[in-house]
Structure formats: C-alpha cells, structure tokens
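Below is one structure, written out as structure tokens; comments come after it.
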Number of protein chains: 2
Amino acid sequence: MSDAQLNPSTAAIIGGGVIGGGWAARFLLCGWRVVVFDPHPEAEQRVADVLNNARLSWPALSDFPLPNEGELVFVDSVAEAVAEADWIQESVPEDLKIKHKVIADIEASAKASAIIGSSTSGFKPGELQEGASSPGRIMVVHPFNPVYLLPLAEVVGGDAVDKSARDRACETLRAIGMMPLVVRKEIDAHIADRFLEAVWREALWLINDDIATTEEIDEAIRMGFGLRWAQMGLFETYRLAGGEEGMAHFIAQFGPCLSWPWTKLMDVPELTDELAHKIASQSDAQSGAYCIRELERIRDRNLVGILRALKDRDWGAGTVLAEFDKRLARSDAFDIPGTIDSSGPMRILDLSVLPAWIDYNGHMTEFRYVQVFSDTCDKILVMIGMDADYVATTGAWYTAETHTMQVDEIGANQRIYSTAQMLMCDSKRIHVFYRLHATEDDRLLATCEAMYLHVGRESGQVCDAAPAMIEKAKHFADAHAGLPTPDAVGRYVGQR
Amino acid sequence: MSDAQLNPSTAAIIGGGVIGGGWAARFLLCGWRVVVFDPHPEAEQRVADVLNNARLSWPALSDFPLPNEGELVFVDSVAEAVAEADWIQESVPEDLKIKHKVIADIEASAKASAIIGSSTSGFKPGELQEGASSPGRIMVVHPFNPVYLLPLAEVVGGDAVDKSARDRACETLRAIGMMPLVVRKEIDAHIADRFLEAVWREALWLINDDIATTEEIDEAIRMGFGLRWAQMGLFETYRLAGGEEGMAHFIAQFGPCLSWPWTKLMDVPELTDELAHKIASQSDAQSGAYCIRELERIRDRNLVGILRALKDRDWGAGTVLAEFDKRLARSDAFDIPGTIDSSGPMRILDLSVLPAWIDYNGHMTEFRYVQVFSDTCDKILVMIGMDADYVATTGAWYTAETHTMQVDEIGANQRIYSTAQMLMCDSKRIHVFYRLHATEDDRLLATCEAMYLHVGRESGQVCDAAPAMIEKAKHFADAHAGLPTPDAVGRYVGQR
C-alpha cells in the first residue's frame with residue numbers, strides 16, 4: 001500500500017461506542033494501526049461488534065482489494081492511545097466538561113502534527129477549543145452512523161482552526177473513503193443534525209397527537225422523499241419540481257406556504273413519560289421482530305446495495321466510492337510484484353469474495369468470476385507496460401474472445417487467488433489461460449481461456465504493439481513454453 | 001392481464017402537469033385507459049414528456065412483463081374525462097375554489113362507483129368534501145414526484161369518507177404498484193410534507209445566514225442521513241442508535257436536546273427577493289450544468305438503482321416492488337409461451353449502458369457484457385419457472401461453461417438489448433446462444449454461448465429438473481429448432 005495514496009498510519013480512538021467503533025473500523029480496514037482507549041468494561045466487545053459488521057459490508061463497496069487490515073490495540077489511558085497517533089478522534093459523551101478534560105489529556109501526550117477530531121454532534125469547535133494549548137488543530141469531524149459506510153464527515157474548524165491542518169484532515173478523510181464537508185461558519189449542531197432535529201420534533205408532535213405511529217412515519221419517509229434525498233438532497237429535488245423554469249419558479253410557487261401554519265415547530269412538545277412510552281412501544285411493534293444486531297446487518301446490506309447502485313451511476317455518494325477506488329487502484333497493493341515467479345502459472349491476484357458477489361444460490365455469481373479474470377488481465381497488461389500514457393498515445397489490448405468454465409463453488413468472504421499461464425503471444429495477439437483457486441485448499445474454482453488483440457488508438461484497427469511491450473509479454477510466454485497445455489484450452493461449449 | 005390482479009380500467013386525470021402526468025404514466029403502463037383533461041395549451045406535450053421518462057425507467061423495476069400500455073386520450077372537458085372513469089384523480093392548482101369547482105364538475109358526470117382522489121399536498125379531505133354531493137368517495141391521494149417511480153401515496157379520507165371506498169382505493173393503488181399509507185386523522189399537509197416543510201424552513205435559514213449553500217445542504221443530506229432514510233426512515237434508524245437497550249434508551253439519551261435552541265424553527269425567515277435570488281443562483285451553480293430533462297433522467301436512473309437494490313434485499317420500497325411483481329407474475333400477461341415471440345431469437349432485456357460499465361478505453365467493459373448475459377439467463381430461468389420457492393425446495397440451474405465473443409464497442413448511456421436462442425435442452429442441460437445488440441441500429445456487440453446444468457438443492461449433484469420446467473424450456477427449444485445455428489456455436493478460443 002503506497003503511503004502517497006492511502007497514507008495509513010496510526011489513529012487513536014478515544015471512546016469506543018458505536019461512533020468510536022465505526023471510526024476504528026474505517027481506519028483499520030484502510031490499513032491503519034488503531035489504538036483505542038475506552039474505560040467501559042465492554043469496550044473491546046463493542047468495538048469488535050462494530051468491526052465485524054464493517055468487515056461484512058464495507059469491502060463490498062470497493063472493486064479493488066483493500067490493504068491488509070491494520071493492528072487493533074486497546075490501552076489504558078488517553079496518553080498511551082495518542083502517543084504515536086497521526087489522527088486522534090474523540091467520541092466521548094456529549095458533555096463539554098468531559099470533552100475539555102479529554103482534549104487536555106490528548107494535547108499533553110500527542111505529537112504536535114496530530115489532528116484532533118471531535119465526533120460531537122452538538123458542540124461548536126470554538127467551545128471545544130476553549131482553553132486548549134493547540135486550538136488550531138482541534139476541529140469537529142462529525143460522522144454519521146454507520147461510520148464505516150456513510151461517507152459524510154462534517155468538518156467544522158471555526159475561526160481558530162489552522163487552515164492547513166483542516167486541509168490535511170480533509171485529505172486524510174478522503175484517503176479513508178469519506179466525503180469531508182467543510183462547514184463555513186460554526187453553528188450549533190452543524191448542518192445535518194439541524195434537519196434531523198426539525199424532523200424529530202415534528203415527528204414527536206405527530207405521535208403525541210395520534211396522527212401517525214412510528215411505523216407510519218417511517219413509511220412516509222422511506223417510500224417517498226427518502227428515496228429522493230438519498231441521491232439528490234433537498235434543493236436539487238426541488239429544482240426538478242420547478243421544471244424548466246427553474247428554482248426561482250419553484251420558490252415563487254411554494255414560497256407563500258412558508259407563512260402557513262402547517263408544522264407545529266414554533267412549539268416544542270413536552271417529552272412526558274407517557275409520550276416516551278408511546279414511542280418506545282410503537283417502535284417495538286414496528287421493529288421488535290429483529291434484534292439490534294440483525295437490524296444493523298439489514299441496514300448495512302441495504303446501504304451497500306444503495307451505495308453500489310449510486311456507484312454504478314457515478315452519482316453522489318457513489319462518486320465518493322469511485323474516487324476511493326482510484327486511490328486503491330493506484331496504490332502499491334495493486335502494482336506489479338517485481339519478483340513474480342514465472343516458472344509456473346503466475347499467481348496474480350489475491351482477494352476475498354465480496355458479499356455483493358453472491359447469487360441467490362449463496363455462491364459467487366457467474367459474472368464476478370469473469371470480473372476477477374478481467375482484473376487479472378488488467379494486472380498482466382500493467383506488468384507488460386500498458387499504462388495510462390500508453391492507452392492515451394498508442395493503443396490498448398482488447399478482449400476478443402473468452403471461454404470460461406465454472407468448476408466449483410465458493411461463498412462470501414472466502415479468500416481466492418488467480419493465476420495466469422501465457423499460452424502464446426505475437427506482435428498483435430496474446431493468448432492466456434487463467435485459473436481461479438480457493439486459497440484455503442487450492443481447490444480449482446474456475447478457468448478462463450482468453451484471446452486479446454492489440455488495437456491502435458488512432459486507427460481503431462488491430463496493429464502491432466510497441467516492441468518493448470511485446471518483448472515483456474514474450475518473456476512470460478517463453479517462461480511458460482514448457483508447461484503442459486491445460487485440458488480446457490481449445491475446448492468448445494458442450495464438448496464431451 | 002387478469003382483471004383480478006391488476007384490474008386495469010379507465011382513469012380520468014384532471015390536470016396534466018408533472019403530478020397529473022405522473023399519474024397518467026403509472027396508469028397507462030399498468031394497462032389502464034387514461035383520459036386527460038387539462039386546458040393548458042402544452043398539456044399534451046407535458047404529459048408526453050413525463051410518460052417518456054416513465055417508459056425509460058419504470059419497466060426496469062419489474063422482472064415480469066408489464067401489460068400492454070393503455071390508450072391515452074385528451075378531451076376538452078371534465079365531463080368527457082370522467083364519464084367512463086373508475087378512478088378520477090385531480091391534480092389542479094392548490095386553490096380551494098378551483099378544487100371545489102372541479103370536484104362539482106366531476107360529481108356531475110362521474111359514475112357513482114368512481115373514486116375521486118385529490119393530489120393536494122395541503123388541503124384536508126374535509127375541506128375538499130365541503131359542499132360535495134358524494135363526500136364519501138372523495139379523498140386525498142397524495143403522491144410524490146416522480147409518481148411513476150415512488151411508491152408512496154398518502155390516503156386521507158377524514159371523518160366523512162366511506163371506508164369501503166377507501167379500501168377500494170387502496171387496493172387500486174396496490175394494483176398500480178403503489179404503497180397506500182392511510183393517514184388516521186386529517187391534518188394540514190398530511191404527514192410527509194410536514195417534514196419537508198420543517199427541513200425547508202431550516203434550510204432557508206442556513207442559506208439566509210450564509211452557513212451553507214444549496215449544494216452543501218444537499219451533500220449534508222445525501223452523503224449521510226438521506227441514505228439511511230431511503231431504507232428505514234427516522235425511528236427505525238434511531239432505534240439502532242439506541243443499541244440493544246432500544247428506543248427508550250435513545251429517547252432518554254437524546255430527549256433533553258429537545259429543549260436546546262438548535263434550530264430556528266420557532267421563527268420563519270422572510271422570503272425576500274434577495275433570499276430567493278440567492279437560492280436560485282446557488283442552485284444554478286450546483287445543478288445548472290444539467291437541463292431539467294437530464295436531471296430527471298439522472299434522478300430516475302438513480303431511483304431505479306436504489307429501488308432495485310432494495311428489491312434484491314426484499315426491504316422497504318423494494319418489498320412493494322416485489323409484491324407488485326407477484327401480481328404481474330400471477331396475471332395472464334405472463335402466460336409465457338403465449339406472450340413472448342419465440343419464432344426467432346427472443347428479445348429478453350432492454351437496458352442502458354450505465355456510466356460505471358465503461359472501461360479505460362471509453363467502452364462497455366468485458367465483464368459487464370457477461371453481466372448482461374447472466375441477467376438475460378436469470379430472466380429466462382424465471383420464464384421457465386425457477387422462482388425462489390423452486391430454489392429453496394428443488395434446485396437451480398448453474399452455469400457450467402460459456403464462450404463469449406466481443407464484436408463491437410458501445411459507449412455510456414446507449415440503449416442495448418439482448419436476445420436468446422435456445423439451442424438444445426434436455427432434462428438436465430440447457431444450451432443457449434445470446435446476442436447483445438445496440439438498440440439504435442441493431443448492430444451486434446457481443447455473443448455468448450452458454451451451457452447450464454440443473455443441480456439439486458439437497459444433493460448438490462446434477463439431476464433432472466422438474467417436468468413442468470423442462471416442458472417450458474422444450475417449448476422454446478422446439479420453437480427455435482428450425483433457426484440456423486450461429487457461426488460462433490461450437491467455436492473455441494483462437495479458432496480461425
């Protein structure tokens with residue numbers, strides 16, 4: 001893993017609840033060393049639970065292998081936790097006195113260059129920075145649950161923040177797949193939680209007045225505008241409602257209703273025991289069939305599906321995933337091993353079967369096998385010198401024809417590896433045979449025979465590849481010349 | 001199409017804007033005859049635009065063929081529109097006088113059994129029913145834009161509604177793929193729009209005070225809680241935040257912040273020309289690169305992806321789609337051998353090349369071809385009777401072997417379609433030849449020859465499929481027996 005691209009180093013997580021655990025999971029899965037301090041007796045188990053959820057879901061968002069998981073360490077003090085940390089994230093309870101104490105402890109032991117992020121949903125950075133010795137590197141970095149899946153991090157520095165520290169923080173957040181949203185001015189609850197609070201208050205009124213149950217309110221959200229907001233938010237959605245006349249038209253049309261007394265938001269409902277009980281029992285009726293762990297898995301599975309759908313469409317949160325993939329693709333983990341053993345079929349890719357690759361039978365689905373073979377090919381092409389420059393100036397290798405055999409099954413999260421045997425190459429053609437194996441027992445899962453043709457960028461026609469490229473390809477073909485030809489080579493579909 | 005399942009008949013659409021046009025599209029695509037009255041000179045074009053968007057997106061949500069599109073008629077009066085209608089939907093401007101006039105005109109000419117639904121977002125049913133001769137069948141049926149994709153319809157009858165009429169309305173809404181949410185008590189703005197109003201007001205304050213731009217607000221929504229709300233809504237999401245201790249714990253923890261002065265919602269910002277201009281120009285900066293038509297297509301493409309992801313996971317709005325599929329599957333339209341033209345290669349999938357399917361050469365990448373062939377296979381397997389029950393109890397068809405040829409290139413957003421030619425089937429094997437074409441000019445893009453084996457659920461071994469399934473597969477094989485064998489069949493990789 002290249003330092004330049006993902007820059008994994010050490011993160012200190014102060015407070016290991018759902019939010020702190022989510023931060024720990026994100027850093028760990030990006031290859032960071034994570035040191036956790038949380039005096040709660042069940043802190044280790046709680047972090048392990050979140051991490052387990054994250055392992056089952058987050059890798060399914062990437063099309064490139066993630067780095068090896070970093071080391072997770074629990075320590076007994078803030079001082080130990082932060083000593084070597086490059087990023088320090090506090091997610092302790094929402095009590096300003098506790099936060100000030102923790103920040104003072106952090107400052108006493110942290111490296112001068114470390115970023116100090118706070119997960120606070122309510123406090124402004126100015127409040128956190130009060131009395132601090134290094135206020136310039138203290139900022140709100142407010143994530144959303146589940147931290148390992150949702151890209152948003154509100155970054156609020158206030159007037160005292162050092163701009164270069166904030167820029168570094170944003171770059172680190174991008175490197176762990178997040179979308180830093182720099183908030184221009186500090187304000188109570190930042191941006192998103194102000195909306196959540198408004199909706200929450202209105203919802204309490206609707207329940208208090210028996211207009212709707214918790215379930216009915218959730219249906220009113222997720223069957224309608226929730227689906228719009230997952231991809232466009234509020235204003236872009238309303239822009240569409242305005243039609244070709246645009247946003248000004250929408251405002252002219254709907255502006256007047258601002259003076260209507262629809263909501264009761266001028267008023268705050270009293271949260272009596274009775275109302276609290278009503279909400280809790282309605283929620284039990286709605287969701288009680290699932291335990292929290294099940295609901296979390298359902299939520300994560302849904303989020304993976306929604307996020308991947310947006311990624312396929314290169315839109316919104318999906319674009320954040322695609323950018324993260326570019327970092328993974330550029331990193332050393334996806335580069336040429338200098339010392340590849342070409343005395344036999346070359347081991348090219350090592351990866352896990354992603355949860356999203358599973359079909360209704362519970363096994364890795366057909367086209368994902370082809371995807372792995374295709375990624376294997378991409379790596380070989382990089383090995384023989386086909387980089388972005390070559391594609392932009394000279395040409396590229398196109399897949400002309402493949403023959404794939406599925407031999408055995410494999411389930412989610414199992415490790416697999418691919419090998420390549422170069423059958424033949426000349427100046428215009430490369431003929432390769434791939435095998436996919438289960439790592440655990442080397443069991444053969446699938447094979448693929450493929451023919452690639454070199455196509456010129458300008459001509460769009462089959463033509464000779466660059467001599468240096470042909471030479472590299474020939475090196476592998478020569479090394480494999482003595483290997484037995486696999487049975488499946490030259491086979492047609494249905495051959496006995 | 002069976003009357004019992006989808007019950008297509010005649011709908012009158014009074015007012016053909018974005019909402020009325022969306023209703024028209026949903027009814028038409030479900031096979032209803034739709035009669036539109038709208039005096040606007042561009043009404044026909046506006047309905048055609050919405051319908052065109054709907055045709056491009058809604059069918060992609062179903063795994064069964066929709067019925068033939070119904071007939072669309074424009075007429076010159078409310079009386080003509082409603083005369084034969086079983087469902088009458090008014091979507092005229094939000095002005096109670098206009099609504100009362102339209103409802104009186106409807107009542108004067110409508111069948112006694114017709115439901116009268118109003119798309120009003122603000123008025124209560126009691127207000128609409130004032131002075132009506134048949135208040136019992138007048139109700140709010142409030143949809144969400146785009147009406148042809150979002151399942152939610154808030155159904156509010158108030159005290160005067162006839163319960164059996166309301167039940168019939170709900171059944172009709174389900175039959176056109178919607179999710180009726182019966183609102184218990186009438187209230188201004190029903191449920192969902194009260195939340196939208198609360199968020200809108202808060203957003204205006206944030207813009208007014210230069211805390212955030214329209215784009216930043218949209219990012220704060222769609223990168224975070226919007227992704228949660230698309231699948232769970234507010235309360236189920238918060239249930240997770242409470243952890244195993246549940247909703248009561250969450251309320252105890254966060255209840256106090258209700259008295260905090262985070263939002264400015266006790267106060268309403270004045271919508272000055274200056275603020276309106278600020279919003280409009282920020283929105284232009286954010287989204288002005290796309291015209292409204294493009295944004296609508298992007299929105300719909302995203303919604304299709306999100307909804308299909310939820311459907312794959314049988315959750316929320318996805319469950320509504322799955323239920324609708326069951327209606328389609330039970331309907332006569334899906335009497336397989338009857339409806340698909342199997343005299344030649346059968347046209348199976350019609351879709352767009354998604355932006356994420358593009359490789360570094362700017363063309364649809366290798367394994368996405370295989371994905372389309374794999375999806376084509378899935379649909380054929382459904383056609384011959386492999387449903388979730390069959391997989392759970394009996395067995396499934398596995399891909400044993402494929403041979404793929406890439407013939408030509410295609411870029412993003414182009415329309416493509418796949419065909420299938422059944423080469424052979426017996427009790428254990430299906431041998432199929434697929435072609436992928438560009439829709440624009442029928443150009444051949446790729447071919448795939450595939451062999452599938454039937455594997456028993458218990459045994460894990462190749463075994464006979466159910467006789468009814470074999471019979472259906474044989475029907476296609478027989479129909480295709482006289483077709484010429486494609487050149488690529490039986491071909492091996494590198495064959496000259």
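The values are calculated or read from the model by the stated rules, or taken from the named source; none is laboratory data. Here the structure is a predicted model, which is why all the values come from computation and not from measurement. With ideal geometry, Cβ positions are generated from the backbone for all residues, glycine too; neighbour counts draw on all protein chains shown.
Worth pointing out:
- Within segment B:185-227, the residues that satisfy the criterion of being surrounded by fewer than 24 Cβ atoms within 10 Å (Cβ to Cβ) and aromatic (Phe, Trp, Tyr) are B:200, B:205.
- Residue within segment A:94-107 that is under 28 Å from the mean Cα position of the chain (by Cα) and closer than 22 Å to residue A:31 by Cβ present: no
- Qualifying positions in segment A:285-309 - aliphatic (A, V, I, L, M) and closer than 19 Å to residue A:18 by Cα: A:292, A:295, A:298, A:303, A:304
So that you can scan it fast, the table gives a plain yes or no per residue for (1) over 24 Å from the mean Cα position of the chain (by Cα); (2) at pLDDT 95 or above; (3) of a type in the set (A, V, I, L, M, F, W, C):
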| site | (1), (2), (3) |
| --- | --- |
| B:129 | yes, yes, no |
| B:134 | yes, yes, no |
| B:140 | no, yes, yes |
| B:143 | no, yes, no |
| B:156 | no, yes, yes |
| B:161 | yes, yes, yes |
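- Meets criteria (within 22 Å of residue A:445 (Cβ to Cβ), without any contact (Cβ under 8 Å) to a residue 40 or more places away in the chain and among the hydrophobic types (A, V, I, L, M, F, W, C)) for residue B:373: no
- Listed by position, the helices (runs of 4 or more DSSP H) inside segment B:164-256 whose residues that are aliphatic (A, V, I, L, M) and within 7 Å of another protein chain (Cβ to nearest Cβ) number at least 2 are B:192-208, B:214-220, B:233-242, B:247-254.
- The lone exception for residue A:131 - which of (1) assigned to a loop (DSSP other than H, G, I, E, B); (2) more than 30 Å from residue A:111 (Cβ to Cβ); (3) of a type outside the set (A, V, I, L, M, F, W, C) it fails: (2)
- Cβ pairs under 8 Å, 6+ apart, first in segment B:443-457 and closer than 19 Å to residue A:403 by Cα and in the same structural domain as residue B:424 (by TED's automatic domain parsing), second outside any strand (DSSP E or B) and of a type in the set (Lys, Arg): B:449/B:491; B:453/B:428
- Taking residues in segment A:466-478 that are in a helix (DSSP H, G or I), and partners anywhere that are of a type in the set (Ser, Thr, Tyr), the pairs with Cβ atoms closer than 8 Å and at least 6 places apart or on different chains are A:469/A:390; A:470/A:427; A:475/A:342; A:476/A:342.
- Looking across A:85, A:79, A:104, one residue alone is buried (at least 24 other Cβ atoms within 10 Å of the Cβ) and more than 30 Å from residue B:234 (Cα to Cα). It is A:85.
- Per-region count, segment A:290-312, residues over 12 Å from the mean Cα position of the chain (by Cα), of a type in the set (Lys, Arg) and surrounded by fewer than 23 Cβ atoms within 10 Å (Cβ to Cβ): 3
- Any chance residue B:126 is surrounded by fewer than 22 Cβ atoms within 10 Å (Cβ to Cβ), touching a residue at least 40 places away in the same chain (Cβ under 8 Å) and in the same structural domain as residue B:23 (by TED's automatic domain parsing): yes
Here is a yes/no grid of residues against (1) among the acidic types (Asp, Glu); (2) on the phi > 0 side of the Ramachandran plot; (3) without any contact (Cβ under 8 Å) to a residue 60 or more places away in the chain; (4) in contact with a Leu (Cβ under 7 Å, 6 or more places away or on another chain):
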| position | (1), (2), (3), (4) |
| --- | --- |
| A:156 | no, no, yes, no |
| A:173 | no, no, yes, no |
| A:176 | no, no, no, no |
| A:181 | no, no, yes, yes |
| A:191 | no, no, yes, yes |
| A:197 | yes, no, yes, no |
| A:205 | no, no, no, no |
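- Hey, residue B:31 of a type in the set (Gly, Ala, Ser) and modelled with pLDDT of 95 or more or not: no
- Complete set of residues in segment B:134-144 that are within 23 Å of residue B:174 (Cα to Cα) and not in a helix (DSSP H, G or I): B:138, B:139, B:140, B:141, B:142, B:143, B:144
- Count of residues meeting criterion [within 20 Å of residue A:195 (Cβ to Cβ) and not aromatic (Phe, Trp, Tyr)] in segment A:207-251: 26
- Within segment A:44-64, residues that are without any contact (Cβ under 8 Å) to a residue 12 or more places away in the chain sit with their Cβ atoms under 9 Å from residues that are buried (at least 17 other Cβ atoms within 10 Å of the Cβ), at 6+ positions apart or across chains, in these pairs: A:48/A:21; A:48/A:72; A:52/A:25.
- Any hit, segment A:438-460, residues being polar (S, T, N, Q), surrounded by 17 or more Cβ atoms within 10 Å (Cβ to Cβ) and either touching a strand residue (DSSP E or B) at 6+ places or on another chain (Cβ under 7 Å) or more than 24 Å from residue B:446 (Cβ to Cβ) (or both): yes
- Failed criterion for residue B:267 (all others in (1) under 23 Å from residue B:205 (Cα atoms); (2) more than 7 Å from chain A (Cβ to nearest Cβ); (3) modelled with pLDDT of 75 or more hold): (3)
- Residues that are in a loop (DSSP other than H, G, I, E, B) and over 20 Å from residue A:324 (Cα atoms), drawn from segment A:46-75: A:71
- Members of segment A:376-408 that are surrounded by fewer than 22 Cβ atoms within 10 Å (Cβ to Cβ), of a type in the set (A, V, I, L, M) and part of a loop (DSSP other than H, G, I, E, B): A:407
- Pairs, first of a type in the set (Lys, Arg) in segment A:404-426, second part of a loop (DSSP other than H, G, I, E, B), C-beta under 7 Å, six or more apart: A:415/A:439; A:415/A:440
- Looking only at residues in segment A:280-321 that are part of a helix (DSSP H, G or I), among the small types (Gly, Ala, Ser) and within 7 Å of chain B (Cβ to nearest Cβ), the one that is farthest from residue A:178 (Cα to Cα) is A:280.
- Verdict on residue B:419 being in contact with a strand residue (DSSP E or B) (Cβ under 8 Å, 6 or more places away or on another chain), within 12 Å of chain A (Cβ to nearest Cβ), farther than 23 Å from residue A:455 by Cβ and among the hydroxyl-bearing types (Ser, Thr, Tyr): no
- Residues of segment B:19-39 satisfying the condition of being small (Gly, Ala, Ser) and crowded, with 24+ Cβ neighbours inside 10 Å: B:20, B:21, B:22, B:24, B:25
- Segment A:76-128: number of residues that are of a type in the set (Asp, Glu) and not in a loop (DSSP other than H, G, I, E, B): 5
- Of the set (1) in contact with a Cys (Cβ under 7 Å, 6 or more places away or on another chain); (2) assigned to a helix (DSSP H, G or I), all apply to residue A:8 but (2).
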